[in-house]
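Some notes on the structure that comes next.
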Amino acid sequence: MIKLGVNVDHVATVRQARRTVEPDPVAAAVLAELGGADGITIHLREDRRHIHDRDLELLRKTVQTRLNLEMALNEEIVKIALRVLPDQATLVPEKREEVTTEGGLDVLAHRNNLKAVVKRLKDAGIKVSLFVDPVVEVMRVSKKVGADAVELHTGSYANARTEKEVEKELVKLKEAARVAGEEGLVVFAGHGLNYINILAIKTIPQVEEVNIGHSIVSRAVLVGIKRAVREMKNLLSDYV
Ligand code: PXP
């Protein structure tokens, strides 16, 4: 069964709307775990637009499953990661003006810097995943820079509107996952996944875990976090 990492950034986004203390992503993470989450993901952005340093510190102490920190190749954040020691770091590109992470990491352009950061994180015992577009060559470079895993960017798949487009994007994901698996990389997937488009992702045999934020937090507003996570877990089960 594919594992589920729940991204609680958007709980912090609601908190940020009023610059107050609620809702607390730390409480949300506890409930997500009670609902069956296999891991908790947060993105500590340079501009701290949703998750704050305090959230990371507390989640490190409270998460019972696995804490996955999404982070840019930014020295300040790297130092924080090396001090707080999440179980996993997912390196992502970051632009201040974007609403959410728009594309995968440009592993070719950042190759040398990536190699150095991946090594520092791994030496500290942190598993390292790279958030990348589903492109075969990128899988090979990801392996070369020392990553343990890749998270395939499913944004284009999620945004595809016609059946033909969806199929085209799925083929890209399958091919990239196959090559990543051959390279010995662990394969994750995420971005834009929801209670409908998740089903086809289950047909990609190499995908071990998906990271889902927006759709789960959106549903949680209406039905509660535990139930929203449980419903996604049910869809990920081998019997659906
Ligand atoms: N994976 C990565 C690397 C991300 O940056 C995000 C968005 O923060 C997600 C997964 C979750 O995407 P969504 O909120 O669309 O489910």
Within the stretch 189-199, residues more than 8 Å from the ligand (Cβ to nearest atom) and in a strand (DSSP E or B) come out as 189
For the stretch 2-12, indicate whether the set of residues that are outside any loop (DSSP other than H, G, I, E, B) and farther than 29 Å from residue 206 by Cα is non-empty. yes
Take the residues in the stretch 1-38 that are farther than 12 Å from residue 67 by Cα and among the charged types (D, E, K, R), then tell me which one is surrounded by the fewest Cβ atoms within 10 Å (Cβ to Cβ). 19
If residue 230 satisfies all but one of (1) basic (Lys, Arg); (2) away from the ligand (no atom under 13 Å from the Cβ); (3) touching a Lys or Arg at 6+ places or on another chain (Cβ under 9 Å), what's the number of the condition it fails? (3)
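Listed here are the residues, each with its yes/no results for (1) at pLDDT below 95; (2) within 11 Å of the ligand (Cβ to nearest atom); (3) among the hydrophobic types (A, V, I, L, M, F, W, C).
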{"position": "3", "(1), (2), (3)": "no, no, no"}
{"position": "9", "(1), (2), (3)": "no, yes, no"}
{"position": "52", "(1), (2), (3)": "no, no, no"}
{"position": "86", "(1), (2), (3)": "no, no, no"}
{"position": "92", "(1), (2), (3)": "no, yes, yes"}
{"position": "99", "(1), (2), (3)": "yes, yes, yes"}
{"position": "104", "(1), (2), (3)": "yes, yes, no"}
Would you confirm whether any residue within the stretch 200-207 is under 19 Å from the mean Cα position of the chain (by Cα), more than 20 Å from residue 65 (Cβ to Cβ) and within 14 Å of the ligand (Cβ to nearest atom)? yes
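The values are calculated or read from the model by the stated rules, or taken from the named source; none is laboratory data. Quantities reported herein were computed from a predicted structural model and do not represent experimental measurements. FYI the Cβ positions are ideal-geometry reconstructions off the backbone, even for glycines, and counts take in every protein chain you see.
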